[in-house]
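The values are calculated or read from the model by the stated rules, or taken from the named source; none is laboratory data. Predicted model, so just to flag it, every value in this text is computed and none were measured. Counting neighbours? That spans all protein chains shown, and the Cβs are built from the backbone with ideal geometry, glycine included. Note: accessible area is taken over every heavy atom of the protein model, side chains too, but ligands, DNA and RNA are not part of it. Shrake-Rupley method; radii C 1.70, N 1.55, O 1.52, S 1.80 Å.
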Amino acid sequence: MQEGWDVAASEEMTGARLSFHCWPSSRLEATRCVAPFGALYTPLKKLPPACAPPTALPYDPVRCSTQTCHAVLNPYCQVDFRSMLWVCPFCLQRNHFPPHYAENMSETNLPAELIPQYTTCEYEISNVPDMGPPCFLFVVDTCCHKEELAELADSLQQALQLLPENSLVGLITYGTNVQVHELGFDSFSKTYVLRGNKEYSPGRVGELLGCTAGAAPAPTGQQQQQNTAPAGPSQQVLERFLLPVGECSFTLESALEDLRKDPWPVMNDKRVARATGAALSVATSLLHLAIPRRGARIMLFTGGPCTSGPGAVVSRSKDEDMRSHADLAKKAEPLHQPACEFYAKLAHPSTHGQQSGKGKSSATSQSQAASPNYHVVDVFACSLDQVGLLEMRELVLATGGLTVLGDSFGQSVFKESLRRVFMRYPDDVPQDGGTMSMAFGGSLEVLTSREFKVSGAIGPVSSLKKHAPNVSEIEVGCGGTNAWSLGGLDPSTTVAIYFDISNPGNSPLAEGKQRYMQFLTKYQHSNGRTRLRATTMCGSWWNPPQGQSQDHEQLQGAAMAQNPVKCSFDQEAAAVLTARLAVQMTETDEVSDVLRWVDRSLIRMCTKFAEYQPDDVQSFRLSPEYSLYPQFMFHLRRSQFLQLFNSSPDEACYYRYILTKENTTNSLVMLQPTLLSYSFNGPPQAALLDAESVRPDTILLLDTFFHVVVFHGETVAAWREQKYHEQEEHAAFRNLLEAPQADAQLIMDSRFPVPRYIVCDQHKSEARFLMAKLNPSVTHNSNLDGAIGGGGGAQVNTDDVSLRVFMEHLMKLAVQS
């Protein structure tokens, strides 16, 4: 049985990856497994035709009739073809097929959702109207230097060429005040200026822009000859401020070319007055007024922190520094919490100006919080200082937005990343070919069979407050519900779902009993149609032999080797689920406490699943299913996700947000970067992420997800400086120099956000990007003799322990009786 587990195959077939594929049947035994029982689910992953219908099914799904279930018909349902009934595997309810199914269905003529290999089906919902293509609202900071503004304007003009002709577009610029550009007025540039020290509700924005129920727009063309009724506020906004790209591209490009630095004077000892909070308030209210249920992106381009009005993160006086980790730990930053609350509230603009103390307002706020977000907020921050990303995190997370952190709007990190926001599916993709790969208004509901429940989710999610029977009392991440709003989605967005095995240990399950889970993702496609994707998964239970569930030490040796739970372990998925848990814990706990939790969990897991004799370190062995897990945890402990040294609060927030959003493969690269070695000795080969891999005559290619580093050894760098690669007789050396650069380009071509590309030499300053990630097997404290001294390698100046020392301590503690 243990030979048959292909732990990575489920991701290719369903878009989901589980930490364990076979689960113990009792809560007690699940607790002893230590690693979380969970799934990493990628809702928009394109699946091969053998695993899912190639196009969305053009009809509504058949659902279970039980009020608390509503599961979608799937291949695991038992079907009675005589009486035309199907049994829901989640609540065991017997349901009748609709008449059009019953008339045409037989054992040899199955609908797509009952074909055994189609465990994922996507439906195009017919009773939801087509909302049309999405809207893109650019919110541009004009407090930047003129060179930065010119670079930004150029990038935005290029981005306009990537948008579909019928997608809507709008422009808001801000500095001390907020300017809303009227794109429907093409005679000359026309903007409405709003004060930057206020918060604006949708109704107030409509009044200030002249878009009210009683106001009629200025008559133009045919309207002068026809006596039409005044348009409502929504229609007026769509006629004046949010227009199709094909109709307003000239006006918008002219406005971008005319961007100028904010003219308000600034004293030498003051920061510029940057009203980022007010600008976002106007943007969210404008979209809510015009297109409340249509997909849209608010794309914020900022070059510094908000210093004025609501959402300010630092005062204008330069005597006061931006908040640091120490300030946040001491709660010595008075602007931090009010700013966090303000930006979090922007995810639901209709609650602006309401007093939560009143019953009606509170109910309205709750209903708004319990609906998916159709308006995504992206933050593109390019500055050498912090911009307040930490405070804006809740807004970005609640709407499923994107974040890009760079030094300058002229950097490829920003320019290429912006282009990739508008990526389209290849033309050969059935039905979706040529359409944008983004989606809006996403929501995820998780259904489970009765033996286990949903503890929570970690990722770009916010609770929809649905308290179903399969919701566990044990909350993990965003818990207390089995449904979440995802907001914006792209093909790599991945949500971690955590489960709680609720079956008590005194009632073993029947042999052969299966467990079921179903992921229901509803979203608005970029073409405006609403779709529902249903992914159903089935797995097995394992009953511990009687008597061994009470004394797990008896499971050591041969009995543990036959344990199917152990053999079905996916160490990569488990490492990512644990990393997300650790990052989530940093929001409430001290980092030192989180590190202790990681260490204790690892020791307990090794005690449970390793093979050893008590108190005999030499006998310690980990099976292949677990052999890489300790080094994943070693690198997690040293990563920028848990170590705050040399990173600002904004950077730490950025790294953590990306980790909780990316798929398993990319997350593993963040935890344990990949290293390739290039030399004259043969083709490129994978190298250990270790100081011993650094050689004078090799080139190393490091991929940390956020950085791609090409590192030249000392000898190679010297040869390059002497220009040997320009000589014909040294063509092999030229090829050696070019190979890692070509591979680095391949890595960067398929990634968002685009990583920073660094070319460096041994012993030079930028070599720190590589050296900081290596296992410090050779340090200034090492005893450089024997195998270590003779093996070469570079010295890493650190007090961190090496992986060898880490493993020695782990084995010693794991085998203690």
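Taking the Cβ-Cβ separation of LEU628 and VAL193 as r and a Förster radius of 51 Å, what is the calculated FRET efficiency to the nearest 0.05?
Efficiency computed from Cβ-Cβ geometry: 0.30.
Need one word for the stretch 582-733: rounded, prolate or oblate. Basis is the Cα gyration tensor (sqrt eigenvalues a ≥ b ≥ c); a/c below 1.5 gives rounded, then a/b vs b/c decides.
Since a/c reaches 1.5 but b/c is at least a/b, the shape of the stretch 582-733 is classed as oblate.
May I ask you to list the lysines whose Cα is less than 21 Å away from that of LYS812, ignoring any residue fewer than eight positions away on the same chain?
LYS608
Counting Lys and Arg as +1 and Asp and Glu as -1, each charge on the Cβ, what is the dipole of the chain about the Cα centre in debye, to the nearest 20?
2280 debye
What is the Cα centroid distance between the stretch 116-163 and the stretch 273-303, reported in whole angstrom?
13 Å
So which of LYS270/LYS330; LYS345/LYS465; LYS198/LYS270; LYS261/LYS345; LYS45/LYS522 end up more than 24 Å apart, counting from Cα to Cα?
In this structure, LYS270/LYS330; LYS261/LYS345 lie more than 24 Å apart at Cα.
Please report the antiparallel percentage of DSSP beta bridges with both residues in the chain, rounded to the nearest 5.
70 percent
What trypsin sites (Lys or Arg not before Pro) in the stretch 73-179 are in a loop by DSSP, with at most 14 other Cβ atoms within 10 Å of the Cβ?
Listed in order of number, the matching sites are ARG82.
Would you mind calculating the gained length between ASN506 and ALA8 on full extension (0.36 nm times residue separation, minus the Cα-Cα distance), in nm to one decimal?
176.0 nm
So what's the net charge close to LEU675: Lys and Arg +1, Asp and Glu -1, counting the other residues with Cβ under 10 Å from its Cβ?
Once positives and negatives cancel, what remains is -1.
Need one number: % antiparallel among DSSP beta bridges in the stretch 22-127, to the nearest 5.
For the stretch 22-127, the DSSP antiparallel bridge percentage is about 90.
Going by amide H atoms built from the backbone, whose H comes under 5 Å of the H on SER619, apart from near neighbours?
Hits under the 5 Å cutoff: GLN613.
May I ask you to compute the full-extension gain from GLU728 to GLN117, defined as 0.36 nm times their residue separation minus their alpha-carbon distance, rounded to one decimal in nm?
Full-extension gain reported as 214.3 nm.
Note down the nm distance, to one decimal, between modelled labels 7 Å out along Cα→Cβ at SER647 and at LYS318.
3.0 nm
Apply 1/(1 + (r/R0)^6) to the Cβ-Cβ distance of SER106 and CYS538, taking R0 = 30 Å, and write down the FRET efficiency to the nearest 0.05.
About 0.80, to the nearest 0.05.
Under a 5 Å amide H to amide H cut-off, with H placed in plane at 1.01 Å, what residues pair with GLY170 once short-range neighbours are removed?
It is PHE136, LEU137, PHE138, by chain and number.
Can you tell me the length gained on complete extension of the stretch ASP427 to THR588, counting 0.36 nm per residue apart and subtracting the Cα distance?
My answer for the length gained is 53.4 nm.
When you count, for each residue, the other Cβ atoms within 10 Å and take the mean per peptide, how do 477-484, 162-169, 311-318 rank with the highest first?
Taking the mean over residues of other Cβ atoms within 10 Å, the ranking is 477-484, 311-318, 162-169.
Could you give the nm distance between label points at ARG82 and GLU738, where each point is 7 Å from its Cα heading toward the beta carbon?
My value for the distance between the label points is 7.4 nm.
If a/c stays under 1.5 just call it rounded; otherwise compare a/b with b/c (prolate if a/b is bigger, oblate if not). Do that for the chain, with a ≥ b ≥ c from the square roots of the Cα gyration tensor eigenvalues.
oblate
Can you list residues whose amide H is under 5 Å from VAL471's amide H, if they're 5+ apart or on another chain and H is modeled 1.01 Å from N?
Those lying under 5 Å, H to H, from VAL471 are VAL454.
Can you give the relative contact order of the stretch 1-127 as a percent, counting alpha carbon pairs under 8 Å and 6+ residues apart?
25 percent
At 1.4 Å probe size, with every protein chain present, just tell me what the per residue accessible area of the stretch 105-188 comes to in Å².
Dividing the accessible area of the stretch 105-188 by its residue count gives 39 Å².
Starting at the first residue of the stretch 712-719, write each ³J(HN,Hα) from the Karplus equation 6.51 cos²θ - 1.76 cosθ + 1.60 with θ = phi - 60°, in whole Hz, x for Gly and Pro.
So the Karplus estimates, Gly and Pro as x, are 9, x, 4, 5, 4, 5, 5, 4 Hz.
From Cα pairs below 8 angstrom and at least 6 apart in sequence, can you work out the relative contact order of the chain, rounded to a whole percent?
This gives 14 percent for the chain.
Give me the accessible area per residue for the stretch 436-498, probe 1.4 Å, as a whole number in Å².
Per residue, the stretch 436-498 has an accessible area of 26 Å².
State whether the stretch 662-800 is rounded, prolate or oblate according to the following rule on the C-alpha gyration tensor (a ≥ b ≥ c being the square roots of its eigenvalues): a/c under 1.5 gives rounded; otherwise a/b larger than b/c gives prolate, and the remaining case gives oblate.
oblate
Calculate the spin-label point distance for GLU207 paired with GLU808, positioning each point 7 Å from the Cα along the beta-carbon direction, and give it in nanometres.
Placing both labels 7 Å along Cα→Cβ, they lie 7.3 nm apart.
Quick one: 3J(HN,Hα) in Hz for the stretch 519-528, Karplus 6.51/-1.76/1.60 with θ = phi - 60°, rounded, Gly and Pro as x.
Listing the rounded values in order: 9, 10, 10, 9, 7, 9, 5, 5, 8, x Hz.
In whole percent, how big is the carbon plus sulfur part of the accessible area of the chain, probe 1.4 Å, protein atoms only?
Exposed carbon and sulfur together represent 50 percent of the surface.
Enumerate the calculated ³J(HN,Hα) couplings along the stretch 584-590 in order (Karplus 6.51 cos²θ - 1.76 cosθ + 1.60, θ = phi - 60°), each rounded to whole Hz, writing x wherever the residue is Gly or Pro.
My calculation for the stretch 584-590 gives 4, 5, 5, 6, 10, 10, 5 Hz in order.
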